[in-house]
Amino acid sequence: MNNFSLPVRVYYEDTDAGGIVYYVNYLKFMERARTEWLRTLGFNQSSLPVLFVVKDVQLSYQLPARLDDLLDVFVEVNSYRGARMTFRQKIMRNADVLCLGTIEVVCVGRESLRPCRLPETLLQCLLPVDSKQINPFY
């Protein structure tokens, strides 16, 4: 399962004084979607022997989200290898793309905090991806 979406409602706490979603909250929505994606695969982050640490983030804001909007936050596994996974994510309101993101995470041991290979049980749930192909996700 390499694709997933999560509906997210914009609440007052997500916005600035003008009722526009504050820029950092798009990252929170994306994090929430990745967590729920893992949950659909049968993994609970608090019980995994590893942690996923964000190494790199690239975001492109297209349109603003506003108070009470219902958004869809999409997760797609773009590539994975060794201790790293790269996700492509987008946030949409109906047919409008509001934010595009590429997030790279590194798998680290819960106790050591040192990089370690992605869990085999997780790898078994993923379809092979070829990061050299042009991805139609965007």
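Computed values, structure above
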quantity	calculated
Cβ crowding within 10 Å averaged over residues, with 98-108, 118-128 ranked highest first	98-108, 118-128
Built amide H within the under 5 Å cut-off of ASP69, gap 5+	VAL10
Under 5 Å, built H, 5+ apart or other chain: amide partners of CYS116	CYS107, VAL108, GLY109
Cβ-placed point charges (K, R +1; D, E -1), dipole of the chain about Cα centre in debye, nearest 20	460 debye
Low-density loop positions, GluC sites (Glu not before Pro), the stretch 1-63 - DSSP coil, at most 14 other Cβ in 10 Å	none
Packing-based exposure ordering (other Cβ within 10 Å, fewest first) of VAL54, VAL8, VAL73	VAL54, VAL8, VAL73
Under Karplus coefficients 6.51, -1.76 and 1.60, residue-wise ³J(HN,Hα) of the stretch 72-82 in Hz, glycine/proline x	10, 10, 9, 10, 9, 6, 8, 7, 8, 5, x
Label zone at ARG66, where the point sits 7 Å out along the Cα-to-Cβ direction: the stretch 20-53 residues whose backbone N lies under 12 Å	20-21
Rounded to 10°, Cα long-axis angle of helix 24-40 versus longest principal axis of the chain	50 degrees
Ellipticity estimate at 222 nm from DSSP helix runs (n ≥ 4, -39,500 (n - 2.57)) divided over the chain, nearest 500	-4500 deg cm²/dmol
Relative contact order for the stretch 1-68, counting Cα pairs under 8 Å that sit 6 or more residues apart, in percent	51 percent
Equivalent ellipsoid semi-axes - Cα gyration tensor, the chain, angstrom	27, 17, 13
From phi via Karplus (6.51, -1.76, 1.60), per-residue ³J(HN,Hα) for the stretch 111-118 in Hz, x at Gly/Pro	8, 7, 6, 9, x, 8, 5, 4
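Computed from the coordinates by the stated procedures, all read-outs in this text should not be read as laboratory data. Just so it is clear, the structure is predicted and the values come from calculations on it, not from any experiment. Neighbour counts run over all protein chains shown; Cβ positions are idealised from the backbone, glycine included.
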